[in-house]
Structure formats: structure tokens, C-alpha cells
Amino acid sequence: ILALLLCATAAAAWWTLGQNEDSRTSVSETARVIRRDFSSSVLATGTVKPQVGAEVRVGARISGKVERLYANIGDYVRKGQVIAELEKADLQAAVAREQAGVKVAEAKVVDAEARLKLAELEYRRQLNLIKKDFTSQQAVDKALKEKKSARAGVHLTNRQLDAARAALKEVQVKLSYATITASISGVIASVSTQEGETVAAGLNAPTFVTIIALKRLQVDAYVDEVDIGKIQTGQECIFTADAFPAREFNGKVVAIYPKAVIQENVVNYDVVVEITDPYDGLLRPEMTASVTISLAKREQVLAVPAKAVKRERGRNIVYIQSETGPEPRQVTIGWKDGQWIEVAAGLQEGQVILLAKPDAGE
């Protein structure tokens with residue numbers, strides 16, 4: 001009997017302590033309405049991309065066999081550096097032929113100018129002779145005709161020289177197409193041909209290599225259509241790449257694409273983020289990025305923990321602690337910042353609120 005009494009006493013003491021502990025826990029699950037600064041943001045998933053003009057496909061504008069290929073994947077090349085060369089013996093022969101044509105045309109011009117000079121001298125001589133009646137008018141007319149013909153010959157040979165020089169320039173340009181050079185400075189991302197292959201140039205130039213300027217990257221963040229109205233150029237943002245999850249990079253919104261990107265019936269808009277932090281050697285194209293775009297900042301607004309706001313019958317309700325017990329209060333909410341939510345109306349600073357909905361019996 002004594003043992004039973006001791007067990008009953010211990011159980012009663014344990015139950016009483018538990019009730020007191022529950023009471024203290026219930027009382028402790030409260031918070032006060034305070035003022036704090038709010039900074040709203042928009043979250044988006046993005047991809048590291050080359051900027052416009054930072055990824056270039058280099059190819060040949062003429063057909064021919066690849067004689068030398070100097071590029072390999074991962075090599076750094078400078079603008080103007082030779083990447084590949086096509087066979088060009090036929091083009092070099094064409095250049096030599098046109099150079100000879102230019103020299104022939106130049107000689108014809110010299111000859112025509114000499115004929116014109118002689119014709120002008122003969123015409124002046126005939127004019128002097130006719131004044132003294134030592135020649136006939138027919139001879140004067142013939143000299144004038146020879147002079148005009150010689151002048152026309154000079155004009156014709158000059159045009160022939162221009163045509164020869166234009167033909168030479170054309171074959172020289174074609175010869176330059178046989179030497180493929182880098183149009184930008186960057187890293188070779190892919191090689192699409194090999195030495196000895198014959199390439200055929202059609203409407204599109206066959207691609208030899210793809211060059212990417214790794215110092216000219218950006219982040220394309222895909223923002224949901226619900227949030228795109230909040231985004232403006234110039235807004236600051238931060239992002240992390242999956243390859244470097246512990247490192248944050250700063251950026252700035254520089255453009256918003258007007259056309260939507262629709263994937264699996266989800267409408268997103270491409271927001272271009274300029275990377276303002278150094279990233280050389282870290283970021284690479286097609287890396288996945290988690291972007292946080294900072295919106296406007298609001299200072300010293302009334303705020304409560306977000307879990308204290310309950311949705312009941314289409315209204316936002318907060319339970320406040322009063323002398324008569326928990327009392328529901330309808331509130332108007334505003335921005336949300338992490339675990340806190342702004343209260344635009346319905347509460348006053350310093351009021352005590354419950355974090356959990358009270359039981360029906362309380």
C-alpha cells in the first residue's frame with residue numbers, strides 16, 4: 001500500500017510539472033509587434049551566358065582543302081591571330097596573273113599619253129603653218145582628229161587600268177579568305193574541322209572554330225511573369241553558381257527581354273544581369289545560377305513573424321494577447337522579408353501576439 005501511495009504521489013507531481021511546463025511554453029509562444037527595415041526581393045533561376053558578340057563562330061568564305069589548322073580546344077587566341085589556312089596555290093596564281101594585267105594596262109596608259117602629246121604638237125604645228133598658208137585646212141582638220149582620238153585613247157586606257165586594278169583587288173581579297181583569323185580575343189570552345197578536309201562554302205560559311213570571350217559573360221535570369229512588373233533596369237542583385245555555392249557575385253539588371261520564354265506552359269521573362277564582381281577563371285558559360293534581385297527598401301515599418309498571420313474565411317487574422325484572453329484581430333499585410341511580414345493596418349507597435357492559433361477551449 002505504501003508503494004502504491006508513493007507511485008501515485010510521483011505521478012501527480014509529474015503531471016503538475018508537465019502542466020506548468022505546457023503553460024510556460026504556451027505563454028512563451030508570443031511575440032511583440034516591432035518596427036524593422038524591409039527589403040523585398042525576387043528570386044529567379046538563371047544561366048551564365050556570353051554577352052552579345054562574345055561568342056563567335058569563325059569559318060571560311062571560300063571552298064577549299066584545309067592545309068593547316070593551328071587551333072585546339074582550350075587555346076587562347078587574340079584578335080587577328082591565324083587559326084587555319086586553306087590551299088591557295090590557285091589563288092596566288094590568279095593574283096600573279098592580275099598583277100601582270102595591271103602592268104600591261106599601265107604600259108598602255110603611258111603609250112596613249114605619249115600619242116596624245118605627239119598629236120597635240122602636230123595640231124599646234126598645223127595651226128602655225130596654216131597662218132602662213134604653208135598647209136591646207138584638210139591637214140589641220142586631220143591633226144585635230146588625231147588629237148581627239150589620242151585623248152580618247154588615254155581615257156580608255158585609264159579605264160582599262162582601273163578595271164585591271166579592281167580585278168587584282170578582287171583576287172587578293174579571295175586570297176585573304178584562305179587565311180582564317182580570329183575575329184575576337186577569347187578561348188576556343190569547339191573545333192569543327194580537321195587538316196586535310198575539304199570544306200564547301202555555300203549560303204552559310206562552314207564553321208571552323210567557336211571562340212568565346214570568357215571575360216564578357218552575363219547572367220540570364222528567368223523571372224516569373226508574376227514578378228516581372230517589379231523588375232527595372234539598374235536594380236542591384238546577387239547570385240551564386242552551383243559550382244561555387246559558398247561564393248556570392250554582385251550584379252546589376254541591364255536589360256529585360258520583351259518576348260517571353262515559355263517552358264512547360266510556364267511564362268518567364270529573360271532578365272539580363274551584368275556581373276560587377278571579378279569572375280575571371282571562375283564562371284563559365286551554361287553554369288546554373290540562383291539570382292536574388294533586390295527591390296525597393298522600406299524602413300521602420302510594423303512587422304510580426306509571418307507564422308503569426310493566419311488565413312481565416314478570406315481574411316488575414318492575428319491573435320493578440322488581451323486581459324480576457326486571446327483575441328482575433330483582422331490585419332492588412334504588406335511585404336514579406338524572410339520570416340517577417342509587414343502589417344500595414346490592424347496592429348500597433350508593442351502589442352503582444354500569439355504565434356500559434358489558440359485552442360477552441362481557451
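The values are calculated or read from the model by the stated rules, or taken from the named source; none is laboratory data. These numbers were taken from a predicted model, which means no experiment stands behind them. Glycine gets a Cβ as well: all are built from the backbone with ideal geometry, and neighbour counts include every protein chain shown. Just so you know, the surface numbers come from the protein's heavy atoms only, side chains and all, with ligands and any DNA or RNA stripped out. Shrake-Rupley method; radii C 1.70, N 1.55, O 1.52, S 1.80 Å.
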Next on the checklist: If GLU323 meets every condition in (1) open to solvent by 70 Å² or more (accessible area, probe 1.4 Å); (2) of a type in the set (D, E, K, R); (3) under 25 Å from VAL226 (Cβ atoms) apart from one, which number is that one?
Outcome noted: (3)
Checklist entry - If the Cβ limit is 8 Å and pairs must be 6+ apart or interchain, which residue in the range 297-314 that is surrounded by 14 or more Cβ atoms within 10 Å (Cβ to Cβ) pairs with which residue that is among the acidic types (Asp, Glu) and assigned to a loop (DSSP other than H, G, I, E, B)? => result LEU302/GLU349
Checklist outcome for this item: Residue hits (the range 135-161; open to solvent by 40 Å² or more (accessible area, probe 1.4 Å) and within 12 Å of GLY101 (Cβ to Cβ)) are GLN160
Checklist entry - Out of curiosity, is LYS142 touching a Leu at 6+ places or on another chain (Cβ under 9 Å) and not small (Gly, Ala, Ser)? => result no
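Find the residue count for the range 74-101, including only residues that are acidic (Asp, Glu), open to solvent by less than 50 Å² (accessible area, probe 1.4 Å) and more than 25 Å from VAL191 (Cβ to Cβ).
Filtering the range 74-101 for residues acidic (Asp, Glu) gives 75, 85, 87, 90, 98.
Okay, now just the ones that are also open to solvent by less than 50 Å² (accessible area, probe 1.4 Å), so 85, 98.
Keeping just the survivors that are more than 25 Å from VAL191 (Cβ to Cβ) gives 98.
Residues in the range 74-101 being acidic (Asp, Glu), open to solvent by less than 50 Å² (accessible area, probe 1.4 Å) and more than 25 Å from VAL191 (Cβ to Cβ): 1 in total.
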Checklist entry - Among the residues of the range 224-237, is any open to solvent by less than 70 Å² (accessible area, probe 1.4 Å) and touching an Asp or Glu at 6+ places or on another chain (Cβ under 7 Å)? => result no
Checklist outcome for this item: Of the candidates ILE341, ILE353, ILE293, the one satisfying the condition of being open to solvent by less than 60 Å² (accessible area, probe 1.4 Å), part of a strand (DSSP E or B), in contact with a Ser or Thr (Cβ under 8 Å, 6 or more places away or on another chain) and under 20 Å from LEU43 (Cα atoms) is ILE293
Item to check | Total residues in the range 125-180, condition over 30 Å from GLU87 (Cα atoms) and either in contact with a strand residue (DSSP E or B) (Cβ under 8 Å, 6 or more places away or on another chain) or aromatic (Phe, Trp, Tyr) (or both) | outcome: 1
